[in-house]
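FYI, it's all coordinate maths here, none of it is from the lab. It should be emphasised that the depicted structure is a prediction, and the values quoted were computed from it without experimental measurement. Virtual Cβ from ideal backbone geometry, glycine too; neighbours counted across all protein chains shown.
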Amino acid sequence: MEKTFKYSGQNPVQHTGISLKNPKKIAAGIPAILSALKFVKTEVGISNGVQLLNSINQKGGFDCPGCAWPDPDDKRALLSEYCENGAKAISEEYSKIKADPLFFSKHTVAEMLGWSDHKIGKSGRLSHPMTYNSNLDKYEPISWENAFQRISKELKALLNPNEAIFYTSGRTSNEAAFLYQLMVRKFGTNNLPDCSNMCHESSGTALSESLGIGKGSVTLDDFNHAELVMVIGQNPGTNHPRMLSALRNTKKNGGKIISINPLPETGLISFKDPQRPIDWVGKGVELTDLFLQVRINGDLALFKAIIYLLVQKENSNPGSQFDWEFINSKTIGVEALLENVKKQKFDFLVQESGVSEKVIRDAAELIASKKKIIICWAMGLTQHKNAVANIQELVNLLLLKGSIGKIGAGTCPVRGHSNVQGDRTMGIWEKPPAFLLQNLKKTFGFDPPENHGYDVVESIKAMHEKRVKVFIAMGGNFISATPDTEYTAEALKNCNLTVHISTKLNRSHLIHGKNALILPVLGRSELDVQKTGQQFVTVENSMGVVHSSKGNMPPISKNTISEPELVCRLSNALFPTDSIPWLSFKDDYSIIRDEIEKVIPGFNDFNKRVQDTAGFYLPNNSRKGDFSATKTGKANFIVHNITPLSLLKDELVMMTIRSHDQYNTTIYGLNDRYRGIYNERRVVLMNEKDMRDRNIQNLDAVDILSHFKGQIRSVEKFLAVKYSIPERCCATYFPEANALVPIGSVADKSNTPTSKFIVVTIKKNISC
């Protein structure tokens, strides 16, 4: 008899046999190489593995489907231009295991819902378009044409276009993203939420207000010239390992590194560069000169404390700290900032930061002597209610030091998905700028909608309230990426149709509407041959460089198609008499790039430049020290006040994090090697004192309850692990703990879910 599973968006409550070791002191090196090679051998075999690894991130090859860290502008690494998790990403993408029609015939959706995200992901590559059969609770094959007609019919039956949502992940190419937003706006809506809404939306909002552009200002070469790099709320050893090579170059050239994070992360302690055999022996390169173990969301107080100390130094010796020529000519609002600093109580700032006064003073001393400063950050800053304020305080410091618009200095928001920044450049945004709408009208002859669409959180609420009937996702794992898992699952199930365009099976395919489609597409590594021959696509990295990506492996199935082809054929079904030449776009991607050139600034001579060079930089005003794009025409100092942390006696603040065997929602394995946690993901990292106060022993099973505006959400049977984390703070992996993140808890201005700040209580599970 078939076992019945709860129809839930959460991972099943099960333990897999945890073991603990001391956290690693050195990142990368031989263990990373061996881990990558073992994974490659298992997933794709030696022959295919060699072909893949020789082409990834190389000129004329394909862009890694993992992170958006840039490749060198000129010379690529001799041994490799990828990291451990990059090798895992490309191996899973080209897996020899297939989630084909035979696979789906053997498993009901109810059965697969009882699998972990890890097991679901190990089902292999999707190889055939599938449709859900509610009578059998199974997915069955469907032809591409029937799939397109079904989507078209459902969309045309809507009362208005805003009853559909078109989500996008960060891996979509520029060409596919441009066509996708064109199709959606031609259909008549700006409901174009994307994964940026959940990660760096706060960065874009903050930087646009302060500097006039929502992108970072630095280049990869700037790390070679920086006197100081600050890495905040980020774990590059796991999430952006190639960044460690850039930090190594900073140290090699005499620069210093400050790391700020609630957890000590191995990648920022010591690093053995896998691209340099000379580094494989010995203790590795020590990266961090000063570590500030800030409490969760103590960053704003910390930076106010540092600025407070720098102002004291400046007042005692005018001109010693701040670049007044830059401030007076390029900025506005410094007087208000300095007035706010005067009102601060230093002891209060120290208390709220969670960092000792001595260490804060050490940081201020280190910063005081530097003029070329780069500040890097990721979701440790962006997923808080005051996320925009966090980032603008960092910008305030850079503006005081004149550290924007010069070599070796500037802002560096470290993006996640490969091409997540490019998708936004292409128009994937629920808040389209006026120039984009004007250029679309001029180029394609229709009136695009002007009203803002739904972002991710608004989309979930709209589906939950049945204001949306159709959900289409271009990539991603929506249910495992989003907050408030059960609420989001209910929202998706309210839809008449859910469509997922994917390379691999994930949990989102199992949390479906009344009707559902899974549409398989080519991966980055695969040959894309159309009527005019082999095609390539383009991507934009985290530092604004656009370059080509060209697969070289045979497609895993004759029934997979490229994302651009999919959008073109769906658009042709939706608009059969349209003047836009959708099928011509499909046949020749250079025509798509010609249209991009007409619509998106900075893409002049697009086809020529992207083929003649290793990549080209898009315009970036802040990189040049030009801030005329802001409302004031200058860089803006923006003042924010601190809301003191207020917790009840038993409450803690929880943040969600990734394990080492994970990239975003993709779970490669069950180990968190650098943190010393093996074969288990259902864990909560806790301070030893907090455990003792609650009579919790190491590896006790506990229940976690989140508290938000009188609402309680809970998850059960997490294993408590004693770890170096500030008191009254704890950490869990996502997506397992996403169910604790309230749908209504979002960042001011950016509406980003506060996945790094959830108020919780923790108690022993009484059933264990």
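So between Gln14 and Glu486, what do we pick up on full extension, going 0.36 nm a residue minus the alpha carbon distance?
168.1 nm
What percent does the relative contact order of the chain come to when contacts are Cα pairs within less than 8 Å and at least six residues apart?
Answer for the chain is 21 percent.
Can you give me the three principal axis dimensions of the stretch 51-126 from its C-alpha atoms, in Å, biggest first?
In descending order, the Cα extents are 50, 20, 16 Å.
If you take all C-alpha pairs in the stretch 45-196, what percent of them are over 24 Å apart?
Value for the stretch 45-196: 54 percent of Cα pairs lie more than 24 Å apart.
Given Lys215/Lys371; Lys251/Lys371; Lys649/Lys756; Lys345/Lys624, which pairs have Cα atoms separated by over 26 Å?
Lys345/Lys624
With only alpha-carbon atoms counted, please give the Rg and Dmax of the stretch 118-168, in Å.
Computed over the Cα atoms of the stretch 118-168, radius of gyration and Dmax are 14.2, 40 Å.
Using the basic label-point model (7 angstrom from Cα toward the beta carbon), what is the Gln611 to Glu335 distance in nanometres?
Result for the modelled spin labels: 5.7 nm.
Could you work out, for the chain, what percent of all Cα-Cα pairs fall into each 10 Å distance bin, beginning at 0 Å and stopping at the bin that holds the largest distance?
Bins of 10 Å from zero give 3, 14, 25, 28, 20, 8, 2, 0, 0 percent of pairs.
Can you flag which of Lys122/Lys156; Lys41/Lys98; Lys385/Lys469; Lys304/Lys385; Lys256/Lys385; Lys156/Lys504 are past 25 Å Cα-Cα?
Lys122/Lys156; Lys385/Lys469; Lys256/Lys385; Lys156/Lys504
I'd like to compare 222-232, 579-589: which one has the highest average count of other Cβ atoms within 10 Å, and what's the full order after that?
222-232, 579-589
Distance in nm between label sites at Asn765 and Gln149, each 7 Å beyond Cα in the beta-carbon direction?
Modelled inter-label distance: 5.0 nm.
How are the C-alpha pair distances of the stretch 187-254 spread across 10 Å bins, as whole percents from the shortest bin up?
It works out to 16, 35, 33, 10, 4, 1, in whole percents.
How about the stretch 455-502: which GluC sites (Glu not before Pro) there are in a DSSP loop, with at most 15 other Cβ atoms within 10 Å of their Cβ?
Here the GluC sites (Glu not before Pro) that fit, given the DSSP loop and packing criteria, are Glu465.
Helix-only estimate, please: 222 nm mean residue ellipticity of the chain, summing -39500 (n - 2.57) across DSSP H runs of length 4 or more and dividing by its residues, to the nearest 500.
-9500 deg cm²/dmol
Would you mind estimating how fast the stretch 321-446 diffuses translationally, via Stokes-Einstein at 20 °C and 1.002 mPa s with the Kirkwood radius over Cα pairs, in µm²/s? Please report the intermediate quantities before stating the final value.
Values: Rh = 17.8 Å.
It diffuses with D of about 120 µm²/s by this estimate.
How many percent of Cα pairs in the stretch 652-764 exceed 21 Å?
Cα-Cα pairs of the stretch 652-764 separated by over 21 Å account for 34 percent.
Convert 10 °C to kelvin, take the viscosity as 1.306 mPa s, use the Kirkwood radius over C-alpha pairs of the stretch 21-67 as Rh, and evaluate the Stokes-Einstein diffusion coefficient in µm²/s, rounded to a whole number.
The diffusion coefficient I find is 128 µm²/s.
If you take the beta carbon distance between Lys709 and Leu37 as r and set R0 to 51 Å, what does 1/(1 + (r/R0)^6) give as a FRET efficiency, to the nearest 0.05? Could you put the intermediate results ahead of the total?
On the way: r = 49 Å, r/R0 = 0.97.
Efficiency, from the Cβ-Cβ distance: 0.55.
Just need the relative contact order of the stretch 554-711 here, percent rounded to a whole number, with Cα pairs under 8 Å and 6+ apart.
It rounds to 7 percent for the stretch 554-711.
What FRET efficiency comes out for Leu583 versus Val639 if R0 is 56 angstrom and r is the Cβ-Cβ distance? Round to the nearest 0.05.
0.55
Please report the relative contact order for the stretch 652-764, taking Cα pairs under 8 Å with a sequence separation of at least 6, and give it as a percent rounded to a whole number.
Here the relative contact order equals 37 percent.
Hey, got the dipole for the chain? About the Cα centre, +1 on K and R Cβ, -1 on D and E Cβ, debye to the nearest 20?
920
Return the ratio Rg/(2.2 N^0.38 Å) for the stretch 201-413, where Rg is computed over Cα atoms only.
It is 0.98.
Could you let me know the centre-to-centre spacing of the stretch 338-353 and the stretch 135-165, using Cα atoms, in angstrom?
When both Cα centres are located, 56 Å separates them.
With no solvent and one point per C-alpha, what does the Debye sum give as log10 I(q)/I(0) for the stretch 443-511 at q = 0.14, 0.15, 0.17, 0.24 Å⁻¹?
Debye intensities relative to I(0), on a log10 scale: -0.46, -0.52, -0.64, -1.06.
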